[in-house]
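S.K.: Below is a structure I'd like to ask you about.
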Amino acid sequence: MNPHVSHPALLQKYLELPQGDKIQAEYIWIDADGGLRCKTMTLPGPVKSVDELKEWNFDGSSTGQAEGHNSDVFLRPAAIFKDPFRRGDNILVIAETYNNDGTPNKYNHRYQCAKTMEAAKSHDPWFGLEQEYTIFGSDGRPYGWPVGGFPGPQGPYYCGVGAGKVYARDMIEAHYRACLYAGVTISGINAEVMPSQWEFQVGPCPGKDMGDHLWMARFLLIRIAEEWGITVSFHPKPLEGDWNGAGCHTNYSTTGTRAEGGMKVIEEMIEKLSKRHAEHIEVYGTDNDLRLSGRHETAHIGAFSSGVANRGCSIRIPKSVAAEGKGYFEDRRPASNIDPYQVCNAMVESTLLI
Ligand code: ADP
Ligand code: MN
Ligand code: MN
Ligand code: MN
Ligand code: MN
């Protein structure tokens, strides 16, 4: 642990001080770079629902979200989670961003996602996202990699056990437990193919909740990594060479795909998706062309394909789903740096609303 970053033992005695009737609400929002920002407000007492929370604002010219001469951006509380750092009745709040004139901020993709999910609610869309990411040490190298060299080639690291095969398992465990405590619907974790690359899965979550839960899981990860002196990268191809990129596979189902005969509905949806490949790639992450090379378990960015149990396709139908004849399918195209609100929005638009 980097002693210049954090003094958890010193902090502990202060966190044990009673805080009176007051609670702390950490407002969290998405900035112009797809990063996260946060600031804290003291509230007079515990709250049960998001409607009890006040609208707030911040200086948008400091986050690339507004011009200097008209820089207030408003924070509208959207979802509440328990705060694993301050504990007790303290909360974490996902907030939507709005401009001075009341229109949604350019980086507020939750707004459109919520509208789309409302329009499609009779289909009850569910999502499960597999968030891959890479961790870096304070020296800017992938965390734990040998100084002045490289680890051995890919092979032993995916779901690995043992020294030299996995790095920072303590930090990953801390994140998993913090997600459970906060109320994030995290469904699992695994070490990835490239050393120092990990994955967590969130879902299934209905509609816009998917974005809320994934963004909260990302916030917890970045915030916990801060204590370890670790930087989290969501770049889809953090290292050139024979190292896997990082994606955010998007698993998707509706009442139609989950019901008897769902396989036919899945096939119809895949047909619709094949016609809108370019529109989807548009919102499937920056620099995704570096990752979707047709190698390293990806399909090439220039062509749409689908198949059962095939990890080299754009869309994969899990073997168990094909066997049962119903369930869900996986869009393997989204990169690790997507905004999940945009991806879920595109998925529902293309399969249900067009
Ligand atoms: P993979 O084999 O691709 O690595 P994972 O186990 O990592 O798969 O992730 C599978 C994801 O699928 C999980 O996030 C899970 O929540 C999600 N999932 C499971 N069932 C459904 C469903 N019916 N609809 C949407 N997502 C689902
Ligand atoms: Mn100030
Ligand atoms: Mn996975
Ligand atoms: Mn994976
Ligand atoms: Mn997957």
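The values are calculated or read from the model by the stated rules, or taken from the named source; none is laboratory data. The shown structure was predicted, so the numbers you read here are calculated from the model rather than taken from an experiment. All Cβ positions, glycine included, derive from the backbone under ideal geometry; neighbour counts span all protein chains shown. Each accessible area value is taken on the protein alone, full model and side chains, heavy atoms only, with ligands, DNA and RNA left out. Shrake-Rupley method; radii C 1.70, N 1.55, O 1.52, S 1.80 Å.
S.K.: Against the definition (away from ligand 3 (no atom under 16 Å from the Cβ), of a type in the set (Gly, Ala, Ser), over 19 Å from the mean Cα position of the chain (by Cα) and surrounded by fewer than 17 Cβ atoms within 10 Å (Cβ to Cβ)), how does residue 309 come out, yes or no?
M.R.: Against the criterion (away from ligand 3 (no atom under 16 Å from the Cβ), of a type in the set (Gly, Ala, Ser), over 19 Å from the mean Cα position of the chain (by Cα) and surrounded by fewer than 17 Cβ atoms within 10 Å (Cβ to Cβ)), residue 309 does not qualify.
S.K.: How do the pairs read when you match residues in region 87-107 that are at pLDDT 95 or above with residues anywhere that are among the acidic types (Asp, Glu), using Cβ under 6 Å and keeping only pairs 6 or more apart or on different chains?
M.R.: Within 6 Å, the pairs are 90/83; 91/83; 92/26; 92/83; 94/212.
S.K.: Kindly indicate whether residue 161 is more than 16 Å from ligand 1 (Cβ to nearest atom) and among the aliphatic types (A, V, I, L, M).
M.R.: Answer is yes for this residue.
S.K.: So, in region 35-63, of the ones that are among the basic types (Lys, Arg) and farther than 23 Å from residue 339 by Cα, which residue ends up most open to solvent (accessible area, probe 1.4 Å)? If you could, list the steps in order and put the result at the bottom.
M.R.: If we filter region 35-63 for residues that are among the basic types (Lys, Arg), which is where we start, we get 37, 39, 48, 54.
In the following step, the residues that additionally are farther than 23 Å from residue 339 by Cα were identified as 48, 54.
Numbers: 48: 190, 54: 128 Å².
Only one residue tops the list, namely 48.
S.K.: Considering only residues that are among the aliphatic types (A, V, I, L, M) and in contact with a Phe, Trp or Tyr (Cβ under 8 Å, 6 or more places away or on another chain), look in region 228-260 and name the one that is farthest from ligand 1 (Cβ to nearest atom). Give the derivation first.
M.R.: In the first step, residues of region 228-260 are kept if they are among the aliphatic types (A, V, I, L, M); the result is 230, 232, 239, 246, 259.
Retained after the next criterion (residues that are in contact with a Phe, Trp or Tyr (Cβ under 8 Å, 6 or more places away or on another chain)): 230, 232, 246.
Numbers: 230: 22, 232: 18, 246: 13 Å.
That would be 230.
S.K.: For residue 91, which of the numbered conditions (1) under 23 Å from the mean Cα position of the chain (by Cα); (2) within 16 Å of ligand 4 (Cβ to nearest atom) fails to hold?
M.R.: All conditions are met except number (2).
S.K.: Can you tell me which of 144, 162, 148 is without any contact (Cβ under 8 Å) to a residue 40 or more places away in the chain, open to solvent by less than 70 Å² (accessible area, probe 1.4 Å) and over 30 Å from residue 96 (Cβ atoms)?
M.R.: The conditions single out 162.
S.K.: Considering region 5-34 alone, what residues qualify as being open to solvent by less than 90 Å² (accessible area, probe 1.4 Å) and of a type in the set (Ser, Thr, Tyr)?
M.R.: 6, 27
S.K.: Out of 302, 261, I need the residue that is surrounded by fewer than 16 Cβ atoms within 10 Å (Cβ to Cβ), away from ligand 3 (no atom under 16 Å from the Cβ), free of Cβ contacts under 8 Å to residues at least 24 places away in the same chain and over 21 Å from residue 340 (Cα atoms). Which one?
M.R.: After ruling out the rest, the residue left standing is 302.
S.K.: State which residue pairs qualify: first residue over 24 Å from residue 312 (Cα atoms) and inside region 333-354, second residue aromatic (Phe, Trp, Tyr) in any location, beta carbons under 9 Å apart, and separation of 6 or more residues or different chains.
M.R.: 341/111; 341/215
S.K.: Here is a further query. Residue 177 versus (1) outside any loop (DSSP other than H, G, I, E, B); (2) within 24 Å of residue 343 (Cα to Cα): which is the lone unmet condition?
M.R.: Every condition holds for residue 177 apart from (2).
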